[in-house]
Every structure is written in structure tokens, then in C-alpha cells.
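Below is one structure, written out as C-alpha cells, with a few remarks after it.
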Amino acid sequence: MTYDLIIIGAGPGGYVAAERAGEQGKTVLLIEKSHLGGVCLNSGCVPSKTLLHSSKVYHYATHGEAYGVKSEHVSFDLPTVMARKRSVIETLRKGIAGMMKHNKVTVVSGEAKLISQHEVKVGDDVYEGSHILIAVGSSPAKPPIPGIDNDCVYDSTRLLNLETMPESLVVVGGGVIGCEFACFFGTLGIPVTVIEMLPEICPAVDSEIAKLLRQELSKRNITFHLGARVESIGKADVTFSVKDKKETVQASHVLVATGRTCNVAGLGLEDVKVDFDRRGITVDDQCATNVPGIFAIGDVTGKQWLAHAASRMGEVVVHNLCGRRDHMRYDAIPGVIYTTPEVATVGITEALAKERGIPVKVAKMPMAASGRFLAEHDGGRGICKVLVHAETGVLLGVHMIGGACSEMIFGAASMIETEMRVKEIEEIVFPHPTVSELIRDTLIATSR
């Protein structure tokens, strides 16, 4: 049998592509070496957010006095939290399996290797497909730091399966993953030290937003060292240098969160002559590789390290295979940091606008201008910042920190996707009182 589409990797890119293709009547083979859902469901997005929500509930329970709620003898039970995390994962795995069955997708377990332009080998079996989609994701990076193989060192996957709480934690890397884990443990009262090599945390985020995030996280038992380089990791400590001055901090656990690497090894890319390097598989805006009939999506392309970006890339591939013209527009893909406070962003930053030579108007408003925010976030800080084209008034970027901005950012993403202008957004009615009103109010401020 020749499948219409063979998909390697059942993460949020692969299984979404399989679902969409199956819905269109295509014969689909989905190959996964581990569990359905990939890293995002099993050892990334979903379990980490499940843990973060538990820490947020704990924080509410221990800081309810300002809202007239008093509690005593509050405790955090890690085994119960981990059991709930496993239950959430298992429920979602079953949901994906049911979705594949409903759409008549054939699922095969094992490691896949390309052996020709239209053939994939899994174990001793060879499968043939008219088209092949590579969606194998990424893995935690392992920098060459002396002592990185010590027992106290964890990557994000291993840290998600702790059985006991650490006495103290050092996080190497102040990116999204590092900050989310720091927030989780810091909120629970664990002393956390974040060591970041760059001048600010979360370098891809608007610099003003990143600075405010760091200031807010510093209130949660988290100490930041910026412009710092880790020299070595001991059995219970980490030595780092800042401007040639060495310091050592004690830690029972060390999380190395220095980014991720594309899973390009062992796929047979060289044999089939697919273009790739250490930064990922090269694709165009339709996710096609240089080899006709072979596509790649998600982290393995190095384009955007986001689950929903992978899903959208999968849809683009299937749409084009089914006769619907489609392509990727990366500036309209939102990103979220699920710390407390949350960060949500979509579109370009001021720095990127300057780099591209785009004239922009910038406006910002504090979250405290929202009655809803004040009612629900006593003493909380945050801002909404927008960028519009200085000449056309088209919305180019929205950057927020504070409240549940992760649940609002899709609205800004749709405005950017459809290239809406400020005068058009002014005609949209936002419900009151909601924090989302700040997006509209801040945009109106750009025309004053």
C-alpha cells in the first residue's frame, strides 16, 4: 500500500497534520517512537503548565488576606501534584488516539528512517508514501560545561518527574523554560538562582517586558545573575563568572535550560539529500524541503520553537497537498511565558522594527488602568504595549505582561494576521470590565 502521507513524529505538528489530512480523506501513516503527543504533551508544555497551575493555587491559598480570605496550615503535596500531572497527560493521550482512530490514521510505533524520496523504514518494515512529513521536534541542549553529567544536574524532562522537592535550585539559562521552572519552585518557597549569559532574560521578548518580568519574579525567592557565564557544576554547587569575577552558589538541584537542539540525527536526511544543518531542516514558507514530496514542520526546522507554530505548519502542508493554497506568516504567531505574571506577545518588537527599517508609533498603558485587573490582582504590575506602522496605522505588535494575557493574545494575533488598522480596531466593541479592553485603549493612544 502507498499512503498519501507518511508523518514522522506525533507531536502537536504531526498529529494535527494527521487529523487534518484524515479529515480530507487522505490515507495517513503516523509514526511515533514514544507516546502520542510528543514532547509538548508528555514532557513539555502540558505537564509544566499543570505544575505551574498547582503552584499558583498554592500562592492564592497563602496570599488571600488582601481579598478577605484567610487560610491556615497550607501545604504543597508533590506526590499528589505529580499524580494529577500524569492523569492529565494520560487523558490527553487517549484523546489523540481516539482522534487518530476517528480519522482512520494508521499509527505505528518505532523509530523511522528515510531510505528514499518516498520510503520510510521502521524496524524491519518499509512503508511507501506519496509525500513524507518530518515532525520529529527537538531535545534539550547540553552545553559543554564541566560537571554537567553530575547527578544533581537535570534537564527540563527529568525535572518534571521529581519525587521530592529540592532544597535549592540553580537554573542555567534565563529563557522561557528556565523562567517557568524558576517561577514554579520560587513560588513554593524554594530558593532559586537564575544564571543568564545575556544582559537580560528572555531575549526574544520586548526588552521592557522582559525587565518587568524579571523584577516581578525576583519577588518569588528568585535571584538573577545577568551577563554571567557558568564555569563549572559541582556535586552541590555552581561556579559562574560575571565580568571576570567568579562566584559560587550552593544548589541541591541544577536545571540546565540553555535551549533546545533540532532532532536531525539518525533520520537518513543525508542519504535522501535533504538540506539541513545544526539549526534544522531547511524549508520554504510552505514547509517544503529541497526534495520534492518531503516536508518538515515544527522545532526540527528551527523556525519557531512553539507547539502551536508546529500545528499551523502542519495545516499549511496539508492544505497545499489538498489543493488549498496556504503559507506560513511567522510574525502573526503569538508566544506566551506561563509565569506569574504571564507574558504574551505577538508581532514585531521595537528592536525588530528598527532592524527592518519600519517606522512605528509605540504606545503603552499599565494593567492597573483596567478595573478588572485591579479587582483581581492586588498589588500586581503589568503593561500593554503596542506598535503600529507610523504611516499606515496597521497593527504590527502587541506585547503584554500581567493577568491572564495568554487568553487575550489570540485577539491581537487575529488583528495582525488580517492586517487591521487602528481605525478599524476602534470599531470593535470589547466587553467591560475586562483586561482585554487595554489592547483597544492602548491602540487608540497611538493616534493621539
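Below are the figures for this structure:
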| read-out | value |
| --- | --- |
| Cleavage-rule hits, GluC sites (Glu not before Pro), region 12-81, DSSP coil, Cβ neighbours within 10 Å at most 14 | 72 |
| Stretchable slack from residue 115 to residue 242, in nm (0.36 nm times residue separation minus alpha-carbon distance) | 40.8 nm |
| Backbone N within region 178-194 under 11 Å of label point (7 Å from residue 69 Cα along the Cβ vector) | none |
| Inter-site label distance for residue 77 and residue 204 at 7 Å from Cα along Cβ, in nm | 3.8 |
| Label-point separation, residue 282 to residue 448 (7 Å along Cα→Cβ), nm | 5.0 |
| Rounded, prolate or oblate (a/c below 1.5 giving rounded, otherwise prolate when a/b exceeds b/c) for the chain by Cα gyration tensor | oblate |
| Positive minus negative residues near residue 34 (Lys, Arg vs Asp, Glu; Cβ under 11 Å) | 0 |
| Cysteines not pairable in the chain (beta carbon separation under 4.7 Å absent) | 152, 179, 183, 202, 262, 287, 322, 384, 405 |
| Amide proton proximity set for residue 349, modelled H, under 5 Å, gap of 5+ | none |
| 30 Å Cα-Cα threshold exceeded, pairs from 273/303; 243/361; 85/273 | 243/361; 85/273 |
| Expected 222 nm ellipticity per residue - DSSP helices of 4 or more, -39500 (n - 2.57), all of the chain, to 500 | -9000 deg cm²/dmol |
| DSSP-assigned coil residues among trypsin sites (Lys or Arg not before Pro) in region 194-231, each with at most 12 further Cβ atoms within 10 Å | 219 |
| Placed amide H near residue 175: partners under 5 Å, 5+ positions off or other chain | 202 |
| Separation between Cα centres of region 172-239 and region 310-337, rounded to whole Å | 32 |
| Accessible area per residue in Å² at 1.4 Å probe, computed on region 1-140 | 50 |
| Listed peptides 126-132, 77-83 by packing density, highest first (mean Cβ within 10 Å) | 126-132, 77-83 |
| Apportionment of accessible area to carbon and sulfur, region 134-203, percent (1.4 Å) | 57 |
| Highest average packing first - 333-341, 292-300, Cβ atoms within 10 Å | 292-300, 333-341 |
| Size of charge dipole - region 34-162 - debye, nearest 20, with Cβ of Lys, Arg +1 and Asp, Glu -1, no other charges | 440 |
| Extension reserve of the residue 88-residue 57 stretch, reckoned as 0.36 nm per residue once the Cα distance is removed | 9.5 nm |
| Global geometry of region 1-41, whether rounded, prolate or oblate, following the gyration tensor of its Cα atoms and the 1.5 cut on a/c | oblate |
| Integer Hz, Karplus 6.51/-1.76/1.60 couplings in order for region 206-221, x for Gly and Pro | 3, 4, 5, 5, 4, 5, 5, 4, 4, 5, 6, 5, 5, 7, 10, 6 |
| Segments 376-382, 189-195, 10-16 sorted - mean Cβ within 10 Å per residue, highest first | 10-16, 189-195, 376-382 |
| For region 377-448: accessible area per residue (Å², 1.4 Å) | 46 |
| Accessible surface, 1.4 Å probe, highest first, among residues 36, 198 | 198, 36 |
| Per-residue ³J(HN,Hα) for region 131-137, Karplus 6.51 cos²θ - 1.76 cosθ + 1.60, θ = phi - 60°, Hz, x for Gly and Pro | 9, 10, 10, 9, 9, 8, x |
| Amide H contacts of residue 194 (H built 1.01 Å from N, under 5 Å, at least 5 apart or other chain) | 171, 223, 224, 225 |
| Charge dipole (region 286-386, unit charges on Cβ, about Cα centre) - positive-most of 349, 295, 380 | 349 |
| Under Karplus coefficients 6.51, -1.76 and 1.60, residue-wise ³J(HN,Hα) of region 360-372 in Hz, glycine/proline x | 10, 10, 10, 9, 8, 9, x, 4, 5, 6, 9, x, 5 |
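The values are calculated or read from the model by the stated rules, or taken from the named source; none is laboratory data. These figures come from a predicted structure and were not determined experimentally. Methodologically, a virtual Cβ is constructed for each residue, glycine included, from the backbone with ideal geometry; neighbour enumeration extends over all protein chains shown. Ligands, DNA and RNA are stripped out before the accessible areas are found, and what is left, the full protein with its side chains, is counted by its heavy atoms. Shrake-Rupley method; radii C 1.70, N 1.55, O 1.52, S 1.80 Å.
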